[in-house]
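The block underneath contains the structure these notes are about, expressed in structure tokens.
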Amino acid sequence: MFLNTLTPKFYVALTGTSSLISGLILIFEWWYFRKYGTSFIEQVSVSHLRPLLGGVDSSSPSNSNASNGEADSSRQSVSECKVWRNPLNLFRGAEYNRYTWVTGREPLTYYDMNLSAQDHQTFFTCDSDHLRPADAIMQKAWRERNPQARISAAHEALELEDCATAYILLAEEEATTIMEAERLFKQALKAGEGCYRRSQQLQHHGTQYEAQHRRDTNVLVYIKRRLAMCSRKLGRTREAVKMMRDLMKEFPLLSMFNIHENLLESLLELQNYADVQAVLAKYDDISLPKSATICYTAALLKARAVSDKFSPEAASRRGLSTAEMNAVEAIHRAVEFNPHVPKYLLEMKSLILPPEHILKRGDSEAIAYAFFHLQHWKRVEGALNLLHCTWEGTFRMIPYPLEKGHLFYPYPICTETADRELLPMFHEVSVYPKKELPFFILFTAGLCSFTAMLALLTHQFPELMGVFAKAFLSTLFAPLNFIMEKVESILPSSLWHQLTRI
């Protein structure tokens, strides 16, 4: 009787409302997946519903070994996803801000700039800064979030004395051209060398003087490295190479600045491939941390020996020669270390300005490498063609799923989250391995489409869809009706009458 009283308008309203709700869920799920890389419903069900249903009991002793293994893997992933200072980072005032003025987009994220502020406080401050008024002002300036407040503080510090860190801040953030930044860095160098010589004489007089000397050393190395980068950007590449070599000889233990990556890029610009090979022989060592610059530069040098004569058709007929095999293996090694780089080198993805910090083996490192080294690959005839023909073969050698690597450690699973924090919102982050769409997105998409189609058909053909709906519901309830009839036939009529009355 209830089914017979339902009108076609009810079915239209029911299916239309279901389609609207499932469509809203689909839109939210898609947005959440694009932003965070996971399904919201799946995350909520795993994080909150499973413990309520008794799916995981972390306190049980049987799971202690598993929890210890998970803790070890989490510690390994944290160490693998350490964020590093980009050795080729641009100047904020002369490059990043100019991009903002032209496009209206912010190339740096808040997370990236916050990491830079922490780096500046670590490298350019010490506990004895309160003893010198200018250094005390700069200690507060590095903590300021407002760029204009930082610049004003730097000018205030320079009114008291020649302060090297104040010149650094002005060169980085206020200078609008590289030439202006170079002029300020030269003034910073003059002030920094004087502070370095004074603290060098007093470094053994106590821990306070030792910390001050360490700070002055960091300041001096930073200034000289940025001056070398200014020379490189202004076309004085040979001068930049000399400055970098002298800096590496004078401070060989300060490897945290990765000055050798700046040197490699400058040597490639000079096409001095013999010196590039010599630098790689020193830093492409199994005991030293790798980077995209190291791996892909090694691949470029080996590709250079064969790329001008390489032909995929000829190689498939006669097989690869020893030199070609070495080049292909070097490309596979580089792609395994960072699989995001080839798409930028082959211009399959658009480049953006590199961030101030990078994640090794991540999309941020790939952008930083390709931004500066794409021109060097284009300069070597046939190198990009060889890369195009061979880079995808790497993925046939890597075990899947990625429990273990081939030449390196397994690819970390945390790179996507860190890269989303480092890279601006308008950039589509490259993800490896490519994630499949979560089940709930596919489910809600199917549900939305199905209910929308039912609503449309019910609105266009109300009588026919009413007949189909009644037939469907009758078929759905047929097993229940069959069971009820069997129960009525088995139970005595008097007992069934009493049950119905109850």
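The values are calculated or read from the model by the stated rules, or taken from the named source; none is laboratory data. All figures in this text were calculated on a predicted structure; none of them were measured in a lab. For the accessible areas, the whole protein counts, side chains as well, though only heavy atoms, and no ligand, DNA or RNA atoms are used. Shrake-Rupley method; radii C 1.70, N 1.55, O 1.52, S 1.80 Å.
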Can you give the extra length, in nm with one decimal, that the chain gains between Thr100 and Arg214 once fully stretched, where that is 0.36 nm per residue apart less the Cα-Cα distance? 37.5 nm
For His357, distant residues with modelled amide H under 5 Å away: Asn86
For a quick check of understanding: with a 1.4 angstrom probe and all protein chains in place, what accessible area in square angstrom does Ser350 have, to the nearest ten? 90 Å²
Which of Lys282/Lys302; Lys242/Lys302; Lys242/Lys343; Lys186/Lys249 have a Cα-Cα distance over 28 Å? Lys242/Lys343
Heavy atoms only, 1.4 Å probe, whole protein assembly: order Trp142, Trp31, Trp101 by accessible area, highest first. Trp101, Trp31, Trp142
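Can you give the extra length, in nm with one decimal, that the chain gains between Asn272 and His459 once fully stretched, where that is 0.36 nm per residue apart less the Cα-Cα distance? Mind dumping the intermediate values first?
On the way: separation 187, 0.36 × 187 = 67.32 nm, distance 7.43 nm.
Contour length minus Cα-Cα distance gives 59.9 nm.
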Give the share of C-alpha pairs in each 5 angstrom bin for the stretch 109-270, from 0 to the last occupied bin, in whole percents, shortest bins first. 1, 9, 17, 21, 21, 16, 10, 4, 1, 0
At 1.4 Å probe size, with the rest of the protein present, what percent of the exposed accessible area of the stretch 244-286 is carbon and sulfur atoms? 53 percent
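Hey, can you find the accessible area per residue of the stretch 142-266 for me, probe 1.4 Å, expressed in square angstrom?
On a per-residue basis, 50 Å².
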Against the 2.2 N^0.38 Å rule of thumb, the C-alpha Rg of the stretch 439-489 sits at a ratio of 1.64
List the aspartates and glutamates whose Cα sits under 18 Å from the Cα of Lys140, skipping any in the same chain fewer than 8 residues away. Asp119, Asp127, Asp129, Glu156, Glu159, Glu161, Asp162, Glu172, Glu173, Glu174, Asp216
